[in-house]
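Peer 1: Below are the structure tokens for one structure; questions will follow.
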Amino acid sequence: MPVIHYCLLIVLAYVIGSVSNAVWIGKMFFGVDVREHGSQNAGANNVQRILGWKAALPVFVLDIAKGVLAVSLVFLTRFEPETNSFVGFQIGLGCAALLGHILPLFAHFRGGKGVATLSGVLLAIHPYAALICFTVFLICFLTTRYISVGSVVAATCFPCLVNSMFALWLQPQETLTLKIFSVVVAVVIWITHAKNIVRLYKGTEEKFVLTRSPRRTLVFQKN
């Protein structure tokens with residue numbers, strides 16, 4: 001298969017990731033650019049703060065879906081499923097989608113942190129580990145009411161699961177790319193949440209509140 005074909009799929013994955021659901025839903029249904037308020041982050045968490053959970057839920061689901069869709073482009077290649085090459089290209093597609101979410105082509109390159117999209121990417125690459133991590137996220141979130149805590153703990157669990165518990169359908173010699181990627185994911189999440197971690201240490205991190213009025217748009221501190 002020509003190299004140009006793989007390159008076009010990577011570009012397509014980036015375009016899919018560039019669909020900024022938080023920005024479009026905020027503007028189309030509420031007349032608000034969420035990047036101008038709250039944390040100025042084009043993600044479901046900030047949408048919930050600004051516009052409430054009824055707006056945040058579809059943003060969250062669609063951001064996950066675009067991660068899954070981008071990675072699923074691997075099936076348009078001739079890579080043998082469940083091989084290192086197959087997983088490696090899945091990771092490449094996922095990274096392109098994440099880049100699109102963080103630097104969206106259709107939203108002036110001002111996107112979000114990519115946690116929901118990353119969740120979709122991981123779900124498509126390794127659904128068992130991803131679902132366990134999501135369960136860990138829910139437990140941490142429901143216990144602490146901090147989305148940042150759930151995100152960091154769940155991301156930390158992912159490489160632990162991949163490197164110690166799972167390689168369910170891959171041969172041991174074919175898991176190296178996935179194992180390296182799992183560690184990179186955890187490191188990236190820790191880096192992108194560095195400010196949140198500092199605020200957690202200082203006790204100034206804002207807890208998630210389900211009943212949030214859209215009129216409170218401008219009162220949240222930037223994170």
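Peer 1: Just a yes or no: is a residue in the range 4-22 under 23 Å from Val184 (Cα atoms), in a loop (DSSP other than H, G, I, E, B) and among the aliphatic types (A, V, I, L, M)?
Peer 2: The answer is no; no qualifying residue exists.
Peer 1: Is it fair to say Leu62 is open to solvent by 40 Å² or more (accessible area, probe 1.4 Å) and modelled with pLDDT of 90 or more?
Peer 2: So Leu62 fits the description; yes.
Residue-wise test of (1) modelled with pLDDT under 90; (2) among the charged types (D, E, K, R); (3) open to solvent by less than 60 Å² (accessible area, probe 1.4 Å); (4) out of contact with any helix residue (DSSP H, G or I) (no Cβ under 8 Å at 6 or more places or on another chain).
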| site | (1), (2), (3), (4) |
| --- | --- |
| Leu142 | no, no, no, yes |
| Thr156 | no, no, yes, no |
| Leu168 | yes, no, no, no |
| Ala194 | yes, no, yes, yes |
| Val219 | yes, no, no, yes |
| Asn223 | yes, no, yes, no |
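Peer 1: Does the range 88-109 hold any residues that are at positive phi and either in contact with a Cys (Cβ under 7 Å, 6 or more places away or on another chain) or assigned to a helix (DSSP H, G or I) (or both), and which are they?
Peer 2: Selection gives nothing.
Peer 1: Give Val136, Val162, Val188, Val183 a once-over and let me know the one that is of a type in the set (A, V, I, L, M, F, W, C), modelled with pLDDT of 70 or more, open to solvent by less than 50 Å² (accessible area, probe 1.4 Å) and closer than 19 Å to Gly114 by Cα.
Peer 2: After ruling out the rest, the residue left standing is Val136.
Peer 1: Within the range 25-32, is there a residue that is among the aromatic types (Phe, Trp, Tyr) and under 30 Å from Thr175 (Cβ atoms)?
Peer 2: Within the range 25-32 (the criterion being among the aromatic types (Phe, Trp, Tyr) and under 30 Å from Thr175 (Cβ atoms)), the answer is no, since none of the residues qualifies.
Peer 1: Right, Gly100: surrounded by fewer than 23 Cβ atoms within 10 Å (Cβ to Cβ) and over 22 Å from Val162 (Cα atoms) or not?
Peer 2: No: the conditions fail for Gly100.
Peer 1: Given Ser85, Ser72, which one is at pLDDT 95 or above, among the hydroxyl-bearing types (Ser, Thr, Tyr), open to solvent by 30 Å² or more (accessible area, probe 1.4 Å) and out of contact with any Cys (no Cβ under 6 Å at 6 or more places or on another chain)?
Peer 2: Ser72
Peer 1: Kindly check whether there is at least one residue in the range 36-43 that is assigned to a helix (DSSP H, G or I) and open to solvent by less than 10 Å² (accessible area, probe 1.4 Å).
Peer 2: no
Peer 1: Looking at (1) open to solvent by less than 30 Å² (accessible area, probe 1.4 Å); (2) touching a residue at least 60 places away in the same chain (Cβ under 8 Å); (3) not aliphatic (A, V, I, L, M), can you tell me which one Phe106 breaks?
Peer 2: Among (1) open to solvent by less than 30 Å² (accessible area, probe 1.4 Å); (2) touching a residue at least 60 places away in the same chain (Cβ under 8 Å); (3) not aliphatic (A, V, I, L, M), the lone unmet condition for Phe106 is (1).
Peer 1: Still on this model: What are the residue pairs meeting all of these: first residue in the range 186-206, first residue in contact (Cβ under 8 Å) with a residue 12 or more places away in the chain, second residue of a type in the set (Phe, Trp, Tyr), Cβ atoms under 9 Å, and 6 or more apart or on different chains?
Peer 2: Sorted first by the residue in the range 186-206, then by its partner, the pairs are Ala186/Phe158; Ile189/Phe158; Asn196/Tyr146; Ile197/Trp190; Leu200/Tyr146; Glu205/Tyr146; Glu206/Tyr146; Glu206/Phe220.
The values are calculated or read from the model by the stated rules, or taken from the named source; none is laboratory data. A quick note: this is a predicted structure, and the numbers were derived from the prediction, not measured. A quick note on method: Cβ atoms are made from the backbone with ideal geometry, for glycine too, and the neighbour counts reach across all protein chains shown. Calculation scope for accessible area: heavy atoms of the full protein, side chains included, ligands and nucleic acids excluded. Shrake-Rupley method; radii C 1.70, N 1.55, O 1.52, S 1.80 Å.
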